1. For every helix of n ≥ 4 consecutive DSSP H residues, a contribution of -39,500 (n - 2.57) applies; sum these over the chain, divide by its total residues, and give [θ] at 222 nm rounded to the nearest 500 deg cm²/dmol.
2. Highest mean first, how do 131-142, 33-44 rank when packing is the count of other Cβ atoms within 10 Å averaged over residues?
3. Once each part is reduced to its C-alpha centroid, what is the distance from the stretch 109-124 to the stretch 1-80 in angstrom?
4. Given R₀ = 25 Å, what would the calculated FRET efficiency be for ILE50 paired with ALA133, taking r from the Cβ atoms and rounding to 0.05?
5. Just subtract the alpha-carbon distance of LYS64 and ASP100 from 0.36 nm times their residue separation and send over the number in nm, one decimal.
6. Average the reciprocal distances over every distinct pair of alpha-carbons in the stretch 61-154, invert the result, and give the Kirkwood radius in Å.
7. Can you give the percent of C-alpha pairs in the stretch 3-55 whose distance is more than 13 Å?
Amino acid sequence: MELSVADGELLVRLESCPYLGPVDRTRWADGWLRTRDAAAIDPATGLVTIRGRLDSQVSIGGLKVDLTEVEQVLCTLPQVESAVVGFGGEIEAFLVLRGDATAGDVEAALAGLLAAYKRPTRLHVLPAMPRTATGKVSRDRAVLRAAAGARAVSR
């Protein structure tokens with residue numbers, strides 16, 4: 001399998017397009033599949049290091065933030081049962097908390113784990129994560145906001 005990295009994105013050379021139906025030129029062009037994975041290839045060993053998803057990266061004041069990283073940090077907190085992080089001009093976290101934990105507890109814990117520019121501007125506490133018809137956690141911000149109602153905490 002031939003691999004390449006262009007502008008930090010992992011590309012995979014394939015004999016034919018892996019997609020059925022119309023071809024999305026932003027994902028497949030000239031025999032290369034754009035994976036949207038941030039990656040590096042060690043020229044000495046050929047070892048591929050996946051660094052996250054490019055489609056989950058946003059720019060905050062010129063600094064890159066990987067929303068997946070923020071979500072993973074939130075999910076490691078003992079106060080958080082589950083979390084979804086989104087971006088719509090600001091970083092927002094939708095959380096289901098454990099026990100009597102509060103959004104303030106989460107903010108205090110994050111202060112020691114993430115740089116200020118990576119921390120969510122709004123924390124929305126949900127009674128339960130909304131799910132799609134197939135049972136997956138919904139990542140649709142409108143659905144998440146509706147589930148949160150007016151319970152957002154801003155910093």
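1. -5000 deg cm²/dmol, from helical runs alone.
2. By packing density, highest mean first, the sequence is 33-44, 131-142.
3. Each part reduced to its Cα centre gives a spacing of 24 Å.
4. So, using R0 = 25 Å, E works out to roughly 0.25.
5. Length difference between fully extended and current span is 9.6 nm.
6. The answer is 13.3 Å.
7. Result: 58 percent of Cα pairs exceed 13 Å.
None of the figures in this text is laboratory data; all of them are computed from the coordinates on show. Quantities reported herein were computed from a predicted structural model and do not represent experimental measurements. Glycine also receives a Cβ, built like all others from the backbone with ideal geometry; neighbour counts cover every protein chain displayed.
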